[in-house]
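Report on one structure; see the data block that follows.
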Amino acid sequence: MHEISTLAQRVQLLERSWFDQALLRQNRLTKPPQSLGRLEDIACRIAAIQRTLSPAVDHKMLVVFAADHGVTEEGVSPYPAEVTAQMVANFLRGGAAINALAKTAGAKLVIVDAGVKSPIPAVDGWNGQMQFIQQPVRKGSRNFAKEPALTMDETATALRLGYDVAMKAKEAGVNLIGIGEMGIGNTTAAAAVTAALTGLPGASVTGRGTGADDQTLARKKSVVEQALRLHSPDANDPLRILQTVGGLELAGLAGVCLGAAASRIAIVCDGFIATAGAALAVRLCPASADYMFAAHLSAEPGHAALLEILQQKPLLDLNMRLGEGTGAALAMTIIDAAVRAFTEMATFEAAGVSNR
């Protein structure tokens, strides 16, 4: 996995001097110090990421990775696997929640088929604001309750796919990337990844996902515990975790995070599954955490544990659990507001206002 290590090494630590310079400007703006609360920290971090006191997040992109999971064979979801392909078609038609919220945020939507198992229903056409990348590594992962979800080559290919998406975003001038996902069974994979990364019991980080009833939830917890016993993943070996109990969209999202951080583009992580991908990226490259913002606190029980790996506090707590990047889209508007306040407010000197 030399190539993955090389990609991770391209991420540079944030320079504290840029944050400090931004903080000095914050304290000269026409407002009492810290009166904008966390918005001030957000703007300072964006300034440090972009290495400028004139930051901008006006070119936003939401990347949604889609893939299927062989573990659905174990009855861990109330929805059939075919729904993944059907929802991708719904994205392309513009009929999903993420379409509405991406439009609200002013973000271009990029849908990536990294491993959808069923044929995606034909769509007559889609809006020019949306891009569809169809590069499946394989038709869904294997059933990790019985065997590793992926080979190491498949894992590396999916990581590279995500990394390349971020590189192309950089070339297009994108300055804020949100990450989301679609895949029936992916809360089961995210729970297994979370347990492996944190050492917490699998049952404690496994939630209802798309609305599992009590019987399905019990089966889901059992499957996660079974997979952890089978593969015994090491918390210090994120690639092995990803390969054994992860999935293609998780690998793709981890790759996006590494690529965006290497490009000095801020990353907005959606909920539980997207944050699992981001947490894998952080374990692969700890410096990437400084480029990440946690969009919201998911209702899934494992999400808080993943946020500790990122060392980020969520910007929103709306009891959301949809995925698709919906929380990231909402958080993008907050980040945009924070940056605009930082760059567009006058200083005390320029406004002729007396400072204290």
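Bear in mind these aren't lab numbers, they're just calculated from the coordinates by the rules spelled out. Remember, predicted model here, so these are calculated numbers, not experimental data. We place every Cβ from the backbone using ideal geometry, glycine too, and count neighbours over all the protein chains shown.
Figures for the structure shown
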| quantity | calculated |
| --- | --- |
| MRE, 222 nm, helices only [DSSP H, n ≥ 4, -39500 (n - 2.57), over the chain, to nearest 500] | -15000 deg cm²/dmol |
| 3J(HN,Hα) from dihedral phi, region 77-88, Karplus parametrisation 6.51/-1.76/1.60, rounded to Hz, x for glycine, proline | 9, x, 9, x, 4, 4, 4, 4, 4, 5, 6, 4 |
| D_trans [Stokes-Einstein, Kirkwood Rh over alpha-carbon pairs] for the chain, 20 °C, 1.002 mPa s, µm² s⁻¹ | 106 |
| Whichever aspartates and glutamates have a C-alpha closer than 20 Å to that of LYS31, once near sequence neighbours (fewer than 8 apart) are set aside | ASP20, GLU40, ASP41, ASP336, GLU344, GLU349 |
| Relative contact order for the chain, counting Cα pairs under 8 Å that sit 6 or more residues apart, in percent | 24 |
| Charged-residue dipole, Cβ positions (Lys, Arg, Asp, Glu), the chain about Cα centre, Debye nearest 20 | 560 |
| Candidate lysines - alpha carbon under 25 Å from LYS220, same-chain residues fewer than 8 apart omitted | LYS117, LYS139, LYS146 |
| Candidate lysines for bridging to LYS60, where Cα separation is under 23 Å - those fewer than 8 sequence places away on the same chain excluded | LYS103, LYS108, LYS168, LYS170, LYS313 |
